[in-house]
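The values are calculated or read from the model by the stated rules, or taken from the named source; none is laboratory data. In this text, all values refer to a predicted model and were calculated from it rather than measured experimentally. Reconstructed Cβ throughout: ideal geometry from the backbone, glycine too, with neighbour counts over all protein chains shown.
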Amino acid sequence: MVDENHITLDGEEYVNNETYQEDDEYDYYYEEPLISLFDLVKEYDDGSVKALNGINLDIFEGEFVSIIGPSGSGKSTLLNMLGALDIPTRGEIYIDGINLLKAKDLSDFRREKIGFVFQLHNLIPNLSVMDNVQIPLMHTGLSSKEMKKRAEEMISAVGLADKKKQKPNKLSGGQRQRVAIARALVNKPSIILADEPTGSLDTKTGAMVLKLLRDMHDAYNVTLIIVTHDINVANLAERTIKIQDGQIIEDKYNY
Ligand SMILES: Nc1ncnc2c1ncn2[C@@H]1O[C@H](COP(=O)(O)OP(=O)(O)O)[C@@H](O)[C@H]1O
Ligand SMILES: [Mg+2]
C-alpha cells in the first residue's frame, strides 16, 4: 500500500509523519517571549498627551536591551509599564505568562520578578547599605540570617563590602548607584529595569556602573533593560530599540 502518508515495507507499515517532525523542530526553536506588549497606549491629561502611542514589543529571557530616545519620547513611561508601576490606557502587557492588567497583586509580582535601578536611586538615607539592600527581601519569608547573607553577597558582588555599614550620604554617586544595583539584584529577579542609570554620573563612573550591570547580566542571566538618551550607552546593549513620540521607530541587534 502506497499513499502519501502510509508506506508498507517488508510487511510493516510505516506512517510518514514528516509534518509532525517539522512541528517538533519548530517547537524546539521557538521560544516564548519573557515580555510581550500589544498595542500599548498611555495617555495623560485626558488624552491630550500620548506618552505611548501603540507599542508592540517582544523581549526574550536573558536579553540585554537598551531603549533610546530623546527627552519626552516616552522611555520612562514604557519602563514604568514594564515594572508594573503604572497601568496603560489601552493595550496588554504579558510578563512571564502573567497578564499584568489582570493580575491581582502586583506588589508580589514586582518584588519577585523585577529589580529597579532608577536615576534617583531612592536609597533610604537613614538606613545603612546593608539595610537598604535587604529591603526587597522583606516579606519574602526568609530568615533574617538568610537575608543578611544574601545582602552581603550582593554588596560584595558590586564591590562595596567595606561600605556595608555606611549610610548613603557618605557614599559617592557611583557607589550609591552600585548599592541600587545590589538592591535590584538581591531577590534574584528575572528582569532588571534601569532608567538612565548613568544619568547623574560622570563619564568614568557611568562606565563602571554600566560594566557592573553588564557583568550582573552575564553572571545571573538576568534580562536587562536600560533606558537612556545616550547613544554610547545604548550601543553597549545586544539590542537597541529607538523610540520617538511614543512609538518604536527602530529595533536592531548590535552584532
Ligand atoms: N504624570 C504625567 N502627567 C502628564 N504627562 C506626563 C506624565 N508623565 C510623563 N508625561 C509626558 O509624557 C511624555 C513622555 O514622558 P516620559 O516617559 O517621561 O519621557 P522620557 O522618559 O523619554 O523623557 C512627555 O511628554 C511627558 O511630559
Ligand atoms: Mg525619562
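Based on this model, can you work out whether residue 160 counts as under 19 Å from residue 133 (Cβ atoms), in contact with a Lys or Arg (Cβ under 7 Å, 6 or more places away or on another chain) and surrounded by 15 or more Cβ atoms within 10 Å (Cβ to Cβ)? Please lay out each step first, then the result.
Details: under 19 Å from residue 133 (Cβ atoms): yes; in contact with a Lys or Arg (Cβ under 7 Å, 6 or more places away or on another chain): yes; surrounded by 15 or more Cβ atoms within 10 Å (Cβ to Cβ): yes.
It is true that residue 160 is under 19 Å from residue 133 (Cβ atoms), in contact with a Lys or Arg (Cβ under 7 Å, 6 or more places away or on another chain) and surrounded by 15 or more Cβ atoms within 10 Å (Cβ to Cβ).
Please enumerate the residues belonging to region 42-68 that are in contact (Cβ under 8 Å) with a residue 60 or more places away in the chain and either of a type in the set (A, V, I, L, M) or within 10 Å of ligand 2 (Cβ to nearest atom) (or both).
Going through region 42-68, the residues in contact (Cβ under 8 Å) with a residue 60 or more places away in the chain turn out to be 42, 50-57, 59-68.
Of everything in region 42-68, those that are in contact (Cβ under 8 Å) with a residue 60 or more places away in the chain and either of a type in the set (A, V, I, L, M) or within 10 Å of ligand 2 (Cβ to nearest atom) (or both) turn out to be 51, 52, 55, 57, 59, 65, 67, 68.
Is it the case that residue 207 is over 18 Å from residue 37 (Cβ atoms), within 16 Å of ligand 2 (Cβ to nearest atom) and of a type in the set (Gly, Ala, Ser)?
When the stated conditions are applied, residue 207 does not pass them.
Take the residues in region 64-82 that are surrounded by fewer than 20 Cβ atoms within 10 Å (Cβ to Cβ) and more than 16 Å from residue 117 (Cβ to Cβ); name whichever of them is farthest from ligand 1 (Cβ to nearest atom).
So the residue we want is 70.
Filter region 182-196 down to the residues that are more than 8 Å from the chain's Cα centre (by Cα) and either away from ligand 2 (no atom under 16 Å from the Cβ) or outside the structural domain of residue 222 (by TED's automatic domain parsing) (or both) and list them by number.
182, 183, 184, 185, 186, 187, 188, 189, listed by residue number.
Among the candidates 175, 166, which residue alone is of a type in the set (S, T, N, Q), surrounded by 15 or more Cβ atoms within 10 Å (Cβ to Cβ), on the phi < 0 side of the Ramachandran plot and free of Cβ contacts under 8 Å to residues at least 24 places away in the same chain?
The match here is 175.
Does residue 38 meet the test of being more than 16 Å from ligand 1 (Cβ to nearest atom), of a type in the set (Phe, Trp, Tyr) and more than 23 Å from residue 217 (Cα to Cα)?
Taking the combined requirement at face value, the residue satisfies it.
Could you tell me which residue of region 73-120 is nearest to ligand 2 (Cβ to nearest atom), considering only residues that are assigned to a helix (DSSP H, G or I) and in contact with a Gly (Cβ under 8 Å, 6 or more places away or on another chain)?
The residue in question is 75.
Tally up the residues in region 69-93 that are within 15 Å of the chain's Cα centre (by Cα) and in contact (Cβ under 8 Å) with a residue 60 or more places away in the chain, please.
Final tally of qualifying residues: 7.
Mind checking which residues of region 213-255 are surrounded by 14 or more Cβ atoms within 10 Å (Cβ to Cβ) and hydroxyl-bearing (Ser, Thr, Tyr)?
Listed by number, the residues that qualify are 220, 223, 228, 240.
Please determine whether any residue of region 83-100 is small (Gly, Ala, Ser), surrounded by fewer than 18 Cβ atoms within 10 Å (Cβ to Cβ), modelled with pLDDT under 90 and more than 16 Å from ligand 1 (Cβ to nearest atom).
So far as region 83-100 goes, yes, one or more of its residues are small (Gly, Ala, Ser), surrounded by fewer than 18 Cβ atoms within 10 Å (Cβ to Cβ), modelled with pLDDT under 90 and more than 16 Å from ligand 1 (Cβ to nearest atom).
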